[in-house]
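The structure under discussion appears below in the form of structure tokens.
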């Protein structure tokens, strides 16, 4: 009996030892596989890097830990023989990764953009990578790709590598890359900057999260640093904090010089971040906001530079996504009525917007685009437009591409005139309005589908003629000199400097905006992709169901409601349709009767 017990105990011990060996084997195998897959080195074997900012910046500002190259802070264009190296990555909503390359002076695609590149993730999963353009402020090329389902299921989310479709470069990228870096989260990030002669404008998510509640400027600092350099960071005070816009002075030349030297030595740009004083949860230490925004020092004034052309009286600015088919009608119409230039903030269009702009330019229209990939930043984009256009445009009209400014008083006018819109703008000193007018507002009429089931061939002004009865909200034309330094806006209007006031567009008659909001269902459902405003809930989210931004009778998914084509039809209004047909219609038989085409249909 005793022998049997001892034998049983030995068997138990052996089984336990075998179990431990199995666990250790699989644990080691998993660890080894992960190391081989990601190319990461153990912490004990990693090289020591002295960072230029406090320890918390190592955690809250992305640090490039891959192999470094010396040379200029603006490296030459990446060879198209190898996939470009990714410097930074941001996790956008809808499981989309934005990959940023190193800055380059070449604004063309830095590598093949024909779908031949893929994002390779740390677990071996791949998804197609699409070139998204070059960010003007940083000269960084960008790619976008979707996170595969297998990647979404496990934290953390790492920055993928770019590899060719045939697998070339994949093994090399995995074996030679440094430790994996996490994707930065979009909801807490410094993403853009703009330099003026007097200060720097910084755009950041996650610092002021609630509409109308802004963190005091004295609780913030602007921080200038060079990743992977030992030179100390430079801090300046924040003078203004409003929404996603922050203003701070430039560093003085003496403080900036070491950063520029270090930038050239390590091949990194000077980065700009925000620091929240005492903002670290639990510790009360200062908290850094991660950043992908580069700082460009001001260029010294060139005394021999030719003076710039005079500024335009009236420009139009808007944020767009996939509006190529609508653009010609909107530009031709407003250009004939007095708009000098059009500035489009491109929110990642995929429908040939650049080609549509090129066609309009060949026809003599002044249309420019600004790549603005950042989601849900309409207010910030409009702030950027106001700052960047100051000195080039006196007045800025903020209208969407489905909105058309119109005065019913034009009903009997035979031809359009470039004075039509300008006549509603007050002169610089208008005593009749009781002071300086800095903003002119126009009421909006919202038009319904008008029984259309597809985009009207003649354009929105010709196809949508039935609207809701009452005016909804308003749109504005703002004098850029009158905009408050905070650049605060609520999309429909800006906060004005002291001494300026707003007024309704009543001069020389009433001015309204025809907003072709509820279009044929195939066009309208595209709005479910994402709402542009930072403070408006996406329609797919089941929150704030009574918001005025939501569509009455519509649920939380892109499913066509019953009798959609006949909805929102309370008043038949053909006034703008008739005027536009008279001004821009071209009879196919050379007469004003019979079949016709609109002028924008002939622009190719």
At pLDDT 80 or above, under 28 Å from the mean Cα position of the chain (by Cα) and under 30 Å from residue 211 (Cα atoms) - does that describe any residue in the stretch 524-532?
-> yes
Within the stretch 161-180, can one find any residue that is under 27 Å from residue 376 (Cα atoms) and at pLDDT 95 or above?
-> no
When residue 210 is run through (1) surrounded by fewer than 23 Cβ atoms within 10 Å (Cβ to Cβ); (2) at pLDDT 95 or above, the failure sits at (2)
Within the stretch 203-218, the residues that are in contact (Cβ under 8 Å) with a residue 12 or more places away in the chain and either in a loop (DSSP other than H, G, I, E, B) or out of contact with any helix residue (DSSP H, G or I) (no Cβ under 7 Å at 6 or more places or on another chain) (or both) are 204, 205, 206, 207, 208, 211, 214, 215, 216, 217, 218
Looking at the stretch 219-240, which of its residues are touching a residue at least 40 places away in the same chain (Cβ under 8 Å) and over 14 Å from residue 293 (Cα atoms)?
-> 219, 220, 221, 228, 229, 230, 231, 232, 233, 235, 239, 240
Test: residue 587 is on the phi < 0 side of the Ramachandran plot, assigned by TED's automatic domain parsing to the domain that holds residue 336 and at pLDDT 85 or above | no
Which residues, taken from the stretch 266-285, are closer than 19 Å to residue 251 by Cβ and either within 26 Å of the chain's Cα centre (by Cα) or not assigned by TED's automatic domain parsing to the domain that holds residue 205 (or both)?
-> 268, 269, 270, 271, 272, 273, 274, 275
Does the stretch 104-126 contain at least one residue that is assigned to a strand (DSSP E or B), under 16 Å from the mean Cα position of the chain (by Cα) and either at pLDDT 95 or above or surrounded by 17 or more Cβ atoms within 10 Å (Cβ to Cβ) (or both)?
-> no
Please state which of the following conditions residue 471 fails to meet, knowing it meets all the rest: (1) surrounded by 21 or more Cβ atoms within 10 Å (Cβ to Cβ); (2) out of contact with any helix residue (DSSP H, G or I) (no Cβ under 9 Å at 6 or more places or on another chain); (3) more than 30 Å from residue 602 (Cα to Cα).
-> (1)
Kindly provide the set of residues from the stretch 548-581 that are modelled with pLDDT under 75 and exposed (fewer than 12 other Cβ atoms within 10 Å of the Cβ), ordered by number.
-> 548, 552, 553, 557
Assess whether residue 395 counts as being crowded, with 22+ Cβ neighbours inside 10 Å and either more than 28 Å from residue 200 (Cβ to Cβ) or modelled with pLDDT of 95 or more (or both).
-> yes
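The values are calculated or read from the model by the stated rules, or taken from the named source; none is laboratory data. Because the structure is predicted, anything quoted here is derived from the model rather than measured. All Cβ positions, glycine included, derive from the backbone under ideal geometry; neighbour counts span all protein chains shown.
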